[in-house]
Amino acid sequence: MITRLLSTAAAFLAVSALAPAQGTATDREDIRLPDGFAIERLYSVPKDTQGSWVAMCLDDKNRLIVSDQYGGLYRFPVPPAGEALDPSSIEQITYAEDGPARKPRGKQAPVEENPADIPEELRKLPRIGHAQGLCYAFDSLYVVVNSRRSATGSGVFRLLDTDQDDQFDKIVTIRKLDATGGEHGPHAIIKDPDGKHLLVVMGNQTQLPDDYTHSRVPELWGEDQLLPSLQHFMKGAEAPLGHVARIDPDGKTWEILATGFRNQYDAAFNKEGDLFTFDADMEWDLNTPWYRPTRVNHIVDGADFGWRTGSGKFPAYCTDTFGAVVDIGPGSPTGVCFGYGAKFPAKYQNALYICDWSYGKLYAVHLAPSGSSYSATFEEFASAQPLPLTDILVNEKDGAMYFTVGGRKVQSGLYRVTYTGKESTAAAAAPKMDAEMRKRREAMEAHLRKGAKPAGGGALDKIWEELGAEDRGIRHAARAALEKQPPANWTRRIPNEKNPQIVLAALIALARADGEQSAGIVINRATRIDYQKLENRQQRLDLIRALTLAVTRGGVPAGTRKAKLAKYLDGIYPARTWEENRDLSALVAAVEMPTAVPKMMALLEKASGQEEQIAYAINLRFLKDGWTPELREKYFRWFVRAAGYHGGAKFRAYVDNIKKDAVASVPEAAMTPELTAVINTVRKDSGPQFSSKPRKFVKMWSMGDLEGYLGAGLEGGRNFENGRQMFGAGTCYVCHRFNNEGGAVGPDLTAAAGKFSPRDLLESIIDPGKEISSQYGASVFTMKDGSQVIGRIMNLKEDDYRITTDMMKPSAITTVKASEVESIEPSPVSMMPPGLLATMEPEDILDLLAYLLSAGDPDHELFQ
């Protein structure tokens, strides 16, 4: 990986840092921040008595309220500037149903509550804890509990002080929630800017309540898988899961705003009232084609963000989902907040701050309006090893940022960040979205709201018109609005519509809303479209999506209708881009297109990276017809090659599952001794080889060897297709994402053209250790016995650090005891290996550079 990309503004010294002392959170000196910022460690939480803090809010008296993940709630005044938290100021929150009761200040209850250890006067009190969401609003404390082991069970609860003595004495159950008890249950609760509602954020182990009052998401839930998905976690889980709900203060309403999240922990509104969250796919799925990088999402009304269990996730480009504002990389999302009210320079006031628990990163995301939604850049704002961030807020009274670290019983702490530099900290104006674009999107979203009447006449005409909008946010809202209307009111418009964008959006809506009855209409109209004359890749993907949904919702057509569909697909497959070929491969396999096997095998042989190859291999696994002995042998030789590929913890299991299904699909007569020998072949070496034929060593290139080729050598038409092949040959796909394909443990290189000159890019590949970004650099963990482990913390639990030691093998983990670590310091050696260009000729290297520096070139078919 190219470790320079996305480096932060924060310079740091590679000096030895002592590991945190037992019972103390990471020292402030070990936390990297941008120039001009200062940090205080206000408190190291005693694990045995106060647990590990995961949620935080401010009350109306400028006190912080925090929650132990497996224990109680605590409250204390914000410490004055320059002072640490006084432990004696901490009180545990308790309540009684039938009268006031309080716990004396300074006394702490055990984390694991044994009735025998609890004083008699407290033993009879109902307890609340295990909270992952806290919000002080409407003169009360809202608590979101995520635990079946708690006294209350999972749900949303409201604590009241009925006699105004500053002690909570009544609990109201707002809503019990059906959650499995894992860490993907109910999480944050935040205020709605309208001052009348709250929002609750829930991961994918929380079921939608049976009695929800309204859904802005069209209630057309479906898995939409052409072939059975591979599943290793949450087997059998089905949509809708992972949602955000809007409630009134008393919990009488439960309105679903969006679904399809995996485990978004928190959310925040910007000044214009737009909602954002931070979500991630499972790290077990790293380096598979269905893994989507950790991302910031703009939560638009009515969206399904596409999480499905196992290999079934919707790609971000699907029109019936809504993509990311920006991809971040690997991580474990926790708390988020905007910098509003902070006495920071302007760009940091308007930033969205997102916490990554596993890698110890606090990112500042800089949003920019883009049509009716947003784009963004990001930078690392604070980081350390370890720094398991859990929650974050800005206190407008002192202009400081506060964050907690903790979770999973690791050492917890409370920190305060202030700005001490010379830039102005005057209140800054926030960037504003184009008013007309917002008005158009919100006009469509109005049809999704509770009480919206069926659109007729001019209103339906406007929805139909906006299906053809250039802006994705407006098109999304119009498509969702159309799905809220009875199909009989608009289906008749489809046959004569001339605008292909409108036709395709309407066909997707019809397949979702009435696929069981109208699949034939969708297929007939879609196959009348000249695929090659569609304007861009998105329209071609939309056509494929419409056909896919017609088959998943209406079934594979039979007889002549099936033959007609197969003939149409045969004429467009293979297509120009790998995204199209990925989706088409599943479709041609589902309809058993006669030429599916030879065409897909040709794509498999040509594919440059493991994600693309897996996408073809998984769709070949059930096909029984169209094989020759030679093609079967090539297919199973791919599994031998794939044994050298690496990914997340379940990567090997996924590939093994594909092979198991493929073997089961081979007819007995075709299972020859020669094929059996190939199937049973065990790969001898473990290094990845992405090309179907081994590549030969050319040279260990230096800058002196290649510098003369730059300049004129990059002018004119380079071979982007060969450049893409070289991206695979150089194993770049293992760590890096480019143009929506590849790994996620290293920087996304799609924006390389805006950050690197050709010379700088070449130097970063040849000499990756010359400049190492702290975002992707390794640390040296020196143990008390003198031994060392080099890598990055990617997970923690209690006293364990789980360290990734080889970025080429994301699941290669070494576990060390935090109590046995003597020091942690930045490694001077890049985790990106040298010699990645050694099998390439100079022309290959120039093609690779041109490919990386030309992402999004509208004149090249690879990016159309």
Self-check item: Area accessible to solvent at residue 363, 1.4 Å probe radius, in Å²
Solution: 10 Å²
Exercise. Heavy atoms only, probe 1.4 angstrom, no DNA, RNA or ligands counted: give me 564, 462 ranked by accessible area, highest first.
Key: 564, 462
Exercise. For the range 340-478, take the alpha-carbon Rg, divide it by the Kirkwood Rh, and send me Rg/Rh.
Key: 1.13
Practice problem: For the range 268-276, take each phi angle, set θ = phi - 60°, evaluate the Karplus expression 6.51 cos²θ - 1.76 cosθ + 1.60, and give the result in whole Hz per residue in order, putting x for glycine and proline. | Solution: 8, 8, 8, 5, 8, x, 8, 9, 9
Quiz item: Using 12 Å as the cut-off for backbone N distance, which residues of the range 287-322 belong to the label zone defined by a point 7 Å from the Cα of residue 225 along Cα→Cβ?
Solution: 308-314
Exercise. Please give the solvent-accessible surface of residue 168 in Å², to the nearest 10, using a probe radius of 1.4 Å with every protein chain present.
Key: 10 Å²
Practice problem: Express in whole angstrom the spacing between the alpha-carbon centres of the range 796-840 and the range 510-547. | Solution: 47 Å
Quiz item: After finding the eigenvalues of the alpha carbon gyration tensor for the chain, what semi-axes result from the square roots of 5 times each, listed largest first in whole Å?
Solution: 45, 35, 26
Quiz item: Dipole size in debye (nearest 20) for the chain around its Cα centre, Lys and Arg Cβ +1, Asp and Glu Cβ -1?
Solution: 1820 debye
Quiz item: What do you reckon, how do 700, 401 stack up by accessible area (1.4 Å probe), largest on top?
Solution: 700, 401
Practice problem: Work out from phi, with θ = phi - 60° and the Karplus expression 6.51 cos²θ - 1.76 cosθ + 1.60, the ³J(HN,Hα) of each residue of the range 30-47, listed in order in whole Hz, and give x for Gly and Pro. | Solution: 8, 9, 7, 9, x, 4, x, 9, 10, 9, 10, 8, 7, 6, 9, 6, x, 4
Quiz prompt | Largest-first ordering by accessible area, 1.4 Å probe, given options 484, 606 | solution = 606, 484
Quiz item: What nm value, rounded to one decimal, do you get for the distance between residue 663 and residue 560 when each label is placed 7 Å out toward the C-beta?
Solution: 4.4 nm
Quiz item: Once the Cα atoms of the range 199-322 are picked out, what are the Rg and Dmax in Å?
Solution: 14.3, 45
Quiz item: Once amide H atoms are placed 1.01 Å from N in the peptide plane, what residues at a sequence separation of 5 or more from residue 367, or on another chain, have their amide H within under 5 Å of its amide H?
Solution: 352
Self-check item: Spin-label pair residue 213/residue 719, simplified geometry with 7 Å Cα→Cβ offset, distance in nm
Solution: 6.4 nm
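If each DSSP helix of 4+ residues adds -39,500 (n - 2.57) and the sum is divided by the residues in the chain, what number results at 222 nm, nearest 500 deg cm²/dmol? Let's see the in-between values first.
Numbers: 19 runs with 207 residues, N = 864.
Per the formula, -7000 deg cm²/dmol.
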Self-check item: DSSP-loop trypsin sites (Lys or Arg not before Pro) across the range 324-415, with at most 13 other Cβ within 10 angstrom
Solution: 397
Quiz item: Counting only residues 5 or more places away or on other chains, whose amide H sits under 5 Å from the amide H of residue 361 once H atoms are built in the peptide plane?
Solution: 356, 389
Quiz item: Gap in Å between the Cα centre of the range 604-647 and the Cα centre of the range 267-343?
Solution: 31 Å
Quiz prompt | Spin-label pair residue 489/residue 453, simplified geometry with 7 Å Cα→Cβ offset, distance in nm | solution = 1.0 nm
Quiz item: Ranked from highest to lowest mean number of other Cβ atoms within 10 Å per residue, what is the order of the peptides 329-338, 249-258?
Solution: 329-338, 249-258
Quiz item: Taking the range 478-596 as the region of interest, what is the percent of Cα-Cα pairs per 10 angstrom bin, listed from the shortest bin to the one with the maximum distance?
Solution: 14, 49, 32, 5
Self-check item: Long-range HN-HN contacts of residue 410 with modeled amide H, under 5 Å
Solution: 798
Practice problem: State, in angstrom, two size descriptors of the range 404-545 derived from its alpha carbons: Rg to one decimal place and Dmax to the nearest whole number. | Solution: 22.4, 67
Quiz item: Could you give the distance between the Cα centres of the range 477-494 and the range 230-256, to the whole Å?
Solution: 25 Å
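The values are calculated or read from the model by the stated rules, or taken from the named source; none is laboratory data. Predicted, not measured: the structure shown is a model, and the values here were computed from it. Positions of Cβ are backbone-derived with ideal geometry, glycine not excepted, and every protein chain shown enters the neighbour counts. Surface accessibility is based on the protein's heavy atoms, side chains included, excluding ligands, DNA and RNA. Shrake-Rupley method; radii C 1.70, N 1.55, O 1.52, S 1.80 Å.
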